[in-house]
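Student: Pasting a structure here, questions to come.
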């Protein structure tokens with residue numbers, strides 16, 4: 001699971017870099033404006049680009065924090081699943097014990113039925129011999 005989280009981090013950073021590169025190419029590819037004709041440098045575009053890059057950096061930091069939080073949640077979930085797994089083992093053992101006890105009760109009931117049938121048979125034999 002941690003390899004998936006690392007893969008998402010790498011993909012997110014790569015996407016952010018491609019996004020920033022696209023912004024750079026888009027802004028620098030326009031070539032319209034009076035400042036460029038005079039000095040060759042468009043200061044407003046540079047400022048906008050810097051602001052956009054700062055926003056991208058902030059977005060990357062937020063994404064990294066969210067990915068870290070998600071990783072912690074996954075680890076907590078795995079710990080809970082491990083605890084539940086131990087609980088399921090205990091439940092399965094209890095079910096096995098319960099089945100054995102039910103088998104013992106059934107055997108006891110069968111024995112009681114045999115005793116009752118034997119007692120009825122003896123009573124019938126006594127009644128027949130007493131007549």
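Where a number appears in this text, it was derived from the coordinates with a stated rule and is not lab data. Since the model is a prediction, treat every value here as computed from it, not as a measurement. Here the Cβ is made from the backbone with ideal geometry for all residues, glycine too, and neighbour counts use every protein chain on show.
Student: Give me the number: length gained by fully extending residue 76 to residue 124, i.e. 0.36 nm times residue separation minus the C-alpha to C-alpha distance, one decimal in nm.
Tutor: Result: 10.2 nm gained on full extension.
Student: Counting other beta carbons within 10 Å of each Cβ, put 129, 77 in order, fewest first.
Tutor: 129, 77
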